[in-house]
1. Among GLU188, GLU142, GLU164, GLU217, which is the only one that is at pLDDT 95 or above and not in a strand (DSSP E or B)?
2. Please verify whether LEU172 is in contact with a helix residue (DSSP H, G or I) (Cβ under 6 Å, 6 or more places away or on another chain) and more than 19 Å from SER102 (Cβ to Cβ), treating the condition exactly as stated.
3. Please verify whether the range 109-116 includes one or more residues that are open to solvent by less than 30 Å² (accessible area, probe 1.4 Å) and either aromatic (Phe, Trp, Tyr) or in contact (Cβ under 8 Å) with a residue 12 or more places away in the chain (or both).
4. Sort out for me the strands (runs of 3 or more DSSP E) sitting completely within the range 32-139 that have 2 or more residues that are farther than 22 Å from THR182 by Cα and modelled with pLDDT of 95 or more.
5. Here is a check on your reading of the model: is SER199 surrounded by 17 or more Cβ atoms within 10 Å (Cβ to Cβ) and assigned to a helix (DSSP H, G or I)?
6. Among the residues of the range 151-167, is any over 21 Å from PRO81 (Cβ atoms), surrounded by 15 or more Cβ atoms within 10 Å (Cβ to Cβ) and in contact with a helix residue (DSSP H, G or I) (Cβ under 9 Å, 6 or more places away or on another chain)?
7. Could you say whether any residue in the range 121-139 is in contact with a helix residue (DSSP H, G or I) (Cβ under 9 Å, 6 or more places away or on another chain), open to solvent by 40 Å² or more (accessible area, probe 1.4 Å) and farther than 22 Å from ILE98 by Cβ?
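The values are calculated or read from the model by the stated rules, or taken from the named source; none is laboratory data. Note that the structure is a prediction, hence the values are computed from the model and not measured. Cβ atoms come from the backbone with ideal geometry, glycine included; neighbour counts cover every protein chain shown. Surface accessibility is based on the protein's heavy atoms, side chains included, excluding ligands, DNA and RNA. Shrake-Rupley method; radii C 1.70, N 1.55, O 1.52, S 1.80 Å.
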Amino acid sequence: MQLFYCPDIVKGVHILPEDEALHCIKVLRKTEGDEIDITDGAGSFYKARLTRSTVKNCAFTISSTKQTVKPDYNIHIALSPTKSPERMEWFVEKVVEIGIDSISFFQSEHSERSHLNLDRLRKKAISAMKQSERAFLPEIHEMKKFMDIIQNTDSSNKYIAHKENNSTIQLLNAAGKNGHFTILIGPEGGFAASEIRESAEKGFVPVLLGNHRLRTETAGVVACTILSMLNQA
């Protein structure tokens, strides 16, 4: 299924965004009368028929709607971005394919980057949502300080991934089902001792993501996979 994204259908907007229209008209050569599939990124799929086929005004009427039920669990990954923006794009793409609800980025003591191109990351998320035929587009939040993340997280299940404690348990064994999960993934240099202590004071449980050291973006993908599979089992 070739899926298009139109976020404002619920507001009565029945015109594809220009970048979606460009792909529909110029690349796929869709014309008036052709049927297309659309998601609003908020849980619904639509069967639609084109009524105008120009890039500036690619209009459609809706033939049918299918509502997707949101799962009983919520996955939020907060991660310290890597120096390479391409690795962050890869991370976003993969966790959206796996299934994630929200993504945050934070600056910590050992962070390698202080800003990100969020518009580009959101475009990567939209592309991954369409490719994997998902109905929900995750939120991607502005960069925050580490303390802001740990102080303002209201998840019922809070974890921090690090290998500083030999008695740390595996996320696979620590996490349960049907909750709101937040997991912190540190930079390549790891979390500072003070950050580990502060996170513990805020109720974050230290966990392992396996028996070996992982790159930041790999750790994020592994954490998302573990939580997703546990909750789908």
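1. GLU217
2. On the way: in contact with a helix residue (DSSP H, G or I) (Cβ under 6 Å, 6 or more places away or on another chain): yes; more than 19 Å from SER102 (Cβ to Cβ): yes.
Yes: the conditions hold for LEU172.
3. no
4. Details: elements: 35-39, 44-50, 60-67, 74-79, 102-107.
The qualifying strands (runs of 3 or more DSSP E) are 35-39, 44-50, 60-67.
5. yes
6. Yes, the range 151-167 has at least one match.
7. The answer is no, given that none of the residues of the range 121-139 is in contact with a helix residue (DSSP H, G or I) (Cβ under 9 Å, 6 or more places away or on another chain), open to solvent by 40 Å² or more (accessible area, probe 1.4 Å) and farther than 22 Å from ILE98 by Cβ.
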